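Notes for the one structure printed next.
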Amino acid sequence: MSDRIFGVFGILLAIGFALSAMAIEESFLSDAVGPKAFPLIIAAILGLSSLFILLRPDEEPSWPSLGRFAEVAGAIVVMILYAEFLPVAGFVIATAVAAAYLSWRLGSSVLSALATGVGTSVGIYVVFHLILGLSLARGPFGF
Amino acid sequence: MDTLSQLADGFAIALTWQNLLLALLGCFLGTVMGALPGLGPSNGVAILIPLAFTMGLGATPSLILLTSVYYGAMYGGRISSILLNIPGDEPAMMTCLDGHPMARKGMAGEALSLSGVASFVGAFLATWGLILLAPQLVKIALLFGPAEYFALFALAFMTLGGVSSTNQAKSAFAAALGLGLATIGVDTQTGVPRFTFGEVHLYDGLDFLVAIVGLFALSEVFIFLEERHGSAEADAHQLKVGRLTPPLSMLKQCTPTMLRTSLLGFIAGVLPGAGASLGSFISYSMEKRLVDKEGTFGTGDPRAVAAPEAGNNAAAGGALVPMLALGVPGSGTTAVLLAVLLSLNITPGPLLFANNPDVVWGLIAALFIANFMLLAMNIPMVGLFTRLLLIPPRILMPIVAMVSFVGIYGISGSSFDLLVMIGFGIMGWVLRKLDVPLVPIILGTLLGNAMENNLRRAITIDNGNWWTLIESPLSIALWVVAIVGFVLPLLIGRKVKAQMHERRDQEGAISD
C-alpha cells in the first residue's frame, strides 16, 4: 500500500513538475533546445517510474508505531526551531538545548542528556570556533 | 617514465607537514567513522566537506583529508563486522560472514590484523591500478564530444540502480528526482529562473552540499530516533582482541586470495554503478567457488576474511578512476567526493589531468601515504578503535546532527539552508523507508546541470537535430552499454541482489 501511495504521489509530482516546466518563460535569446525540454524529459521519467512503482509495489516497509512516529516528528520540530533560533539565541545555547533533546530522546537519562548537550555544544565551540576559527552564530552574550 | 616523474612531483606536494597531518587526521576519523555502525563512508565524508571548506583549505589539502577519510572508512568497517557481527558500513557486511565466527573461535586479533593486511593489499594495488588506468581512460575521454558526454551521464544513471537497488523503477525515480532538483535555479544558458516560485534563495539553485548532508547524515539520525537503539551495540566482554599479528602461515595461505580479489575488486570498482559493496560481494563469492573445497567458508576461514576486505578496498580505489578521469562517479562516496571537487571549482574529467596535475598526483601520492598510515593504525592501534565502539549512539547521534548543522551554517550563515537541509533529512528518511536508493539522487543533483548543458550544446551544434545524440559510433556504444546495464539486472539481477541484500537492513539505502 505504501508503494501505491508513493506511486500516486510521484505521478502528481511529475505532473506538477511538467506543468511548472511548461510555465517557464522563454527568453528571446534561446538556444535550439530551450530551458523547457530537459525538465520535460525528467518529468516523463519521473512519471513513468512512478507508474511502475504504483503497478508493481514492493513489500510493505516496516513503518514505526505512532509513538515512534511522534518521536521523529518531535525531533524535526526541534531541529526547525534550532534553525530559526540559532541567530537569536547564539550558537552555544541553541546547540546545547538541541543536542540535549536528541540525546534524551535517544534514551539518555535527563542528567546525562544535559551533560551530552552541554559537552557537544562547548566541544564544537572550542574546536571549530576557538581553534579552527569558524564563524558561528553569535547570540546576545557573544557566543 | 612520465608517470613516475609525475608521481614524484605528487609526493613533493603531499609531503608537507600540513598535508601529512591532514592525511593522518583523515585516516583516524575515517577509521572511526567506518567502525561505528551507522556512520558509513558517504556519511563521514559528507559531514566533513563543509568543515574542510570553512577551514579554508585549498583544493589539494581538502581532497587529501577527505579521500583519507574515504580509505579509512573502508578499513574501519571491518572492525565492528568482526567483533560485533554488525557491519560498520555496507561494504563490510561480507566480512561478517567469516570474521565474526573467527572472533568467536578466539581469533579476533588474527582476524583483525589479517583483514588489515588484506585491506592494505587491496588498497595499495588499486592505487597502482588508478595510476595506470586513469591516464588511459583520459585518452579515450578526450574523444568525447557533448553528445558522448550526455550518453555517458545517462549510462552512469542507468547502471547505478543495477546493483545498488532492489527495484529499478525506484532507482530511476531517484535519478529523475535528483536531476529535477538540479534544474532549480536560474537556467545557465538563457538566464530565466526555473522552479524558483519567486523565492530569491533558490535563484542560485540548491546547494548540493546541503542536500548531501541532509540526505545522508540527518536521515541517519532519524532512523536511530525511530528505532531508539540508543545504547551501544557492543558488550565489553565481547571485545577481547588477543594477539595482533597474523601467523605467517595464515598470511601465506591468504596471499593468492588477496591478489586475486584485489584485481576483481578493482574492476568492480571501476565499473559504473558498482562500488565497494559489489567488490566485496563478488570477491567473496568467487573465492568461495575457487578455494572452498572443504566447505569451511562461513565458519571462520581466514581466506574468507581476507577476500572481501581486499575486494572492498580495491574497489574503493577503483571507483576513483571514473570519478577522476571522466567526472562520473561510480558509487555513493565517490559521488560525495565529486561534490568536493565541484565546490572547489575543479571540473573532474580529462581536463583535470591536463590543467591540475598537482591536484591529481598530489592526491594519488597522498593515497599511498594514507595507506601506510592506515596499516600502522589498523594493526597495532586497533585496540583503540575497539574501545570507540563503546560510544553509544545516544551520545554519538546528537554530535553528528550538530556537526552537520555547524558545517552547513558555516558555509552560508543562513537559516534558510538549515531548513532546506532538514527538509532533505526528512525526505531521505521517508525514501529510505520505502527502499528508494539515495545515491542516484545525489548524483542527479551533482551532474544535472552538466548533463543538461551537454545535451543542449550537442543539439545546438547540430542546429536542433536531436538525432545527433546517437550519430557517432562512440555514443551508440555508450547507449548500448547503458541500456544493457539497465535491462540486464531486470532479467538476471534478482538472484544476485537477493543474495547481496539478504544481510542488510535499512542502512543499505546508502550503498557504496
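The values are calculated or read from the model by the stated rules, or taken from the named source; none is laboratory data. Everything numeric in this text was worked out from a predicted model, so none of it was measured. Because the Cβ atoms are built from the backbone with ideal geometry, glycine has one as well, and the counts that use them run over all protein chains shown. With ligands, DNA and RNA removed, areas are computed over all heavy atoms of the protein, side chains included. Shrake-Rupley method; radii C 1.70, N 1.55, O 1.52, S 1.80 Å.
Between B:Glu227 and B:Trp17, the C-beta separation translates, for a Förster distance of 56 Å, into a calculated FRET efficiency of about 0.80.
Between B:Arg194 and B:Gly185, B:Val186, B:Asp187, the built amide H atoms are under 5 Å apart, and every one of these is 5 or more places off in sequence or on another chain. The Rg/Rh ratio of the range B:113-197, with both radii computed over alpha carbons and Rh defined as the Kirkwood radius, is 1.14. Extension gain for B:Leu259 to B:His201 (0.36 nm times residue separation, less C-alpha to C-alpha distance): 15.7 nm.
Going from most exposed to least, what order do B:Leu39, B:Leu388 have by accessible area with a 1.4 Å probe?
Output order, biggest surface exposure first: B:Leu388, B:Leu39.
Comparing Cα centroids, the range B:401-416 and the range A:1-58 end up 31 angstrom apart. Backbone phi angles across the range B:346-352, fed through the Karplus curve with coefficients 6.51, -1.76 and 1.60 (θ = phi - 60°), yield HN-Hα couplings of 10, 9, x, x, x, 5, 4 Hz in residue order; Gly and Pro are listed as x.
Computed from backbone phi with θ = phi - 60° and the Karplus coefficients 6.51, -1.76 and 1.60, the 3J(HN,Hα) list for the range B:174-186 is 4, 4, 5, 4, x, 4, x, 4, 5, 7, 5, x, 6 Hz; x is used for glycine and proline. Against chain B, whose longest principal axis comes from its Cα atoms, helix B:17-35 is set at around 70 degrees. Peptide B:195-205 is shielded by partner chain Cβ atoms: per residue, an average of 1 of them sit within 10 Å of its Cβ.
Taking every protein chain into account, the accessible area of chain B amounts to 33 square angstrom per residue (probe 1.4 Å). Computed with a 1.4 Å probe over protein heavy atoms only, the accessible area of B:Asp301 comes to about 10 Å².
The separation of the range B:19-95 from the range B:113-182, counted between C-alpha centres, amounts to 19 Å. Proximity of backbone amide H atoms, modeled 1.01 Å from N, is registered between B:Leu15 and no other residue at under 5 Å, excluding neighbours fewer than 5 places apart on the same chain. Under a 5 Å amide H cut-off, with hydrogens placed 1.01 Å from N, B:Asp207 pairs with nothing among residues at least 5 apart or on other chains. Each other residue within a Cβ distance under 9 Å of B:Gly185 adds +1 if Lys or Arg and -1 if Asp or Glu, for a net charge of -1. Summed over all non-identical Cα pairs, the Kirkwood treatment of the range A:2-55 gives a radius of 11.8 Å. Take every pair of alpha-carbon atoms less than 8 Å apart whose residues are at least six positions apart; their mean separation over the length of the range A:2-55 yields a relative contact order of 63 percent.
Shape index of the protein assembly as shown: Rg/Rh, with Rg the Cα radius of gyration and Rh the Kirkwood radius from the inverse mean 1/r over Cα pairs, equals 0.95.
Dividing the mean sequence gap of close Cα pairs (under 8 Å, 6+ apart) by how many residues the range B:345-478 holds gives a relative contact order of 6 percent. With a 1.4 Å probe rolled over the protein heavy atoms of all chains, the accessible area of A:His129, B:His201 falls in the order B:His201, A:His129, largest first.
The distance between label points at A:Glu59 and B:Leu419 comes to 4.0 nm (points 7 Å beyond Cα on the Cα→Cβ vector).
Sorted largest first by accessible area at a 1.4 angstrom probe radius, with every protein chain in place, the residues B:Met250, B:Met381 fall in the order B:Met381, B:Met250. Set the Förster distance to 25 Å, then compute FRET efficiency between B:Leu474 and B:Thr188 from the Cβ-Cβ distance, nearest 0.05. For B:Leu474 and B:Thr188, the calculated efficiency is 0.45. Per residue, the average separation of C-alpha pairs within less than 8 Å and at least 6 apart gives chain B a relative contact order of 29 percent. Look at the stretch A:44-54: the mean tally of other chain Cβ atoms within 10 Å of its residues' Cβ atoms is 5. Across the range B:322-329, rounded Karplus estimates of 3J(HN,Hα) from the backbone phi angles (6.51 cos²θ - 1.76 cosθ + 1.60, θ = phi - 60°) give x, 5, 6, 7, 10, x, 10, x Hz, Gly and Pro being marked x. Heavy-atom surface analysis with a 1.4 Å probe gives chain B a carbon and sulfur content of 66 percent of its accessible area.
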